[in-house]
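Each remark here refers to the structure printed beneath this line.
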Amino acid sequence: MKYGLKTDCCARIMKKDVFEIDINAFAFGGAGVGKLPDGKVCFVRGAAPGEKVSIEVTDDKSSFAYGKLLSVVQTVRTRITPECPLAINGKDNGMCCPGCSYGHVDYETELAWKQRQLEGFLLRSGLTTRSRFRPPVPAPARYGWRNKIRLTAENGKLGYKGDDNTTVLDVPECPLARRSINEALAAYRAGEPVAGASHLTFRWTLRDGVKIRPNTETPSDRFLCEQLGAHGDFFVPENSFFQINVPMASKLATAAADRVKAGGAEFLLELFCGVGVLSIAAAQKIDSLKVRGIELDKLAIKAAKLNASRHGLAARCRYEAGDAEAQFQSFARSMPAEKTMILVDPPRCGMSAGLCKKILAYKPKMVLYISCAPDTLRRDLEIMTRSGLYEVCDVQLFDLFPATAHFETMTVLRRKC
């Protein structure tokens, strides 16, 4: 094992070899990117672009490698001390929390690199041009925004899985979580643990405070109430999906409503509608808009109907439980394609190829695609644009998950003819 560059760059690099390398980028996911002496790309979590770092090779693949940060040899002005003591710092034992991927750089740097990553996904594929990207929407707070955390209970520890996705890291508090959640976590730790709990979910709303649930696979029909600023209150089932950054969710809903209004559609078909936040926000803004929504989660649909009624929109906003692909045609049949915008907000896996094909066959006026995964977004946009029927005309990043590797995007597809 040698420290520094190997004299024979053709020698095989082995696990546990140590090098000093220059970091030139952030990869999607938050790892720093550099090159080993043999030219192979190496990903190093906790390193920042512009730095020279000492790393130990931990995994050598055929075309790339992973390295563990040992120390920062030459730093950059953008580096800061992470808020979380469990973040990668070069002095740990190799087991860190994978959550705050960008906790070691300032927020301006994080946001700029997330924008570059999004642009890279779509520009390299030729899906659009740089002029179609809007400036990213930053989060108002980098920490203290999570309204829900899920911790694993194992061997006397309560926390997140480490970066090996197996080891449980004991987490006394999480900087990303709301203060009320951390206070509830401290109180829970001071008391008796729930017997038989493999994990615990802490969920906070302004109206309900913090609710603690063990083993959330168990069904619950209890509704909580989320408050989305100017958009008002929304019921959400305790176990159902809801954005974990409420202030940014409100910004996202406002932007979606603006895009729908600008599109001039008379009908809005929302797929994966959840509790109806986005389509209700659009109907609040557009007096004549007629909405239909579909969602697999039956309790979420029950909440969506309650939310539409609560906002005085039950006559214009109709929601039904079902599978988006299987029931697409029956939902779209009553909505003229040339007057309809489709809004999709699928899970991380994106849309199925079958659903993309059904949307293409229907030929709606526009498609508004909200995504939390730029890789599956790119895949689906390739299907939609390869048809020749649609073009990407508007893309914007919303940083709903500051300090982490993730972000949300909003993309508008317009029918060409």
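The values are calculated or read from the model by the stated rules, or taken from the named source; none is laboratory data. Model, not experiment: these values are computed from the prediction. We place every Cβ from the backbone using ideal geometry, glycine too, and count neighbours over all the protein chains shown. Ligands, DNA and RNA are stripped out before the accessible areas are found, and what is left, the full protein with its side chains, is counted by its heavy atoms. Shrake-Rupley method; radii C 1.70, N 1.55, O 1.52, S 1.80 Å.
Side notes on the structure shown:
- On Cα atoms only, tilt of 298-310 relative to the major axis of the chain in degrees: 60
- Centroid-to-centroid, using Cα positions, the range 29-79 and the range 352-417 are 32 Å apart.
- Its alpha carbons considered, the range 315-375 gives a radius of gyration followed by a Dmax of 11.9, 37 Å.
- A simple spin-label model places the labels of Ser125 and Ala186 4.5 nm from each other, with each point 7 Å out along Cα-to-Cβ.
- Computed extension gain for Arg179 through Lys35, at 0.36 nm per residue and net of the alpha carbon distance, reaches 47.8 nm.
- Within the chain, percent of DSSP bridges classed antiparallel, to nearest 5: 70
- For the chain, the longest principal axis of the alpha carbon atoms and the long axis of helix 107-123 meet at an angle near 70°.
- Extension gain (nm, one decimal) between Asn215 and Arg77, 0.36 nm per residue minus Cα-Cα: 45.3 nm
- Per DSSP, loop trypsin sites (Lys or Arg not before Pro) in the range 210-315 with at most 16 further Cβ within 10 Å: Arg222
- Selected from Pro82, Leu127, His104, residue furthest toward positive end of dipole (the range 72-162; charges at beta carbon): Leu127
- Binning all Cα-Cα separations of the range 64-150 at 10 Å, short to long from zero, yields these whole-percent fractions: 13, 35, 33, 18, 1.
- Think of each Lys and Arg Cβ as +1 and each Asp and Glu Cβ as -1; about the Cα centre, that makes the dipole of the range 69-161 roughly 320 debye.
- Once both labels are positioned 7 Å from their Cα atoms along Cα-to-Cβ, the gap between Asp323 and Arg310 label points is 3.1 nm.
- Directionally averaged projected area (convex hull, Cα atoms, the range 220-339), nm²: 6.9
- Semi-axis lengths (Å, descending) of the ellipsoid that matches the C-alpha gyration tensor of the range 306-417: 23, 21, 14
- Annotation: amide H of Ala25 within the under-5 Å range of Val33, Gly50, sequence separation 5 or more or interchain, hydrogens built in the peptide plane.
- Rh (Kirkwood; distinct C-alpha pairs) - the range 130-207, Å: 14.3
- The loop-placed trypsin sites (Lys or Arg not before Pro) in the range 150-207, going by DSSP, that have at most 15 neighbouring Cβ atoms within 10 Å of their Cβ come out as Arg207.
- Calculated from backbone phi, Karplus (6.51, -1.76, 1.60) coupling profile of the range 185-199 in Hz, x at Gly/Pro: 5, 4, 5, 4, 5, 6, x, 8, x, 5, 5, x, 7, 8, 7
- Ellipticity estimate at 222 nm from DSSP helix runs (n ≥ 4, -39,500 (n - 2.57)) divided over the chain, nearest 500: -7000 deg cm²/dmol
- Entry comment: accessible area of the chain is 45 Å² per residue, from protein heavy atoms only and a probe of 1.4 Å.
- Note that the range 270-353 shows a convex hull volume over its alpha carbon atoms of 92 Å³ per residue.
- Taking Asn307, Asn245, Asn165 as the candidate residues, the one with maximal mean-square fluctuation in a Gaussian network model of the chain, Cα springs under 10 Å, is Asn165.
- Apportionment of accessible area to carbon and sulfur, the range 235-365, percent (1.4 Å): 54
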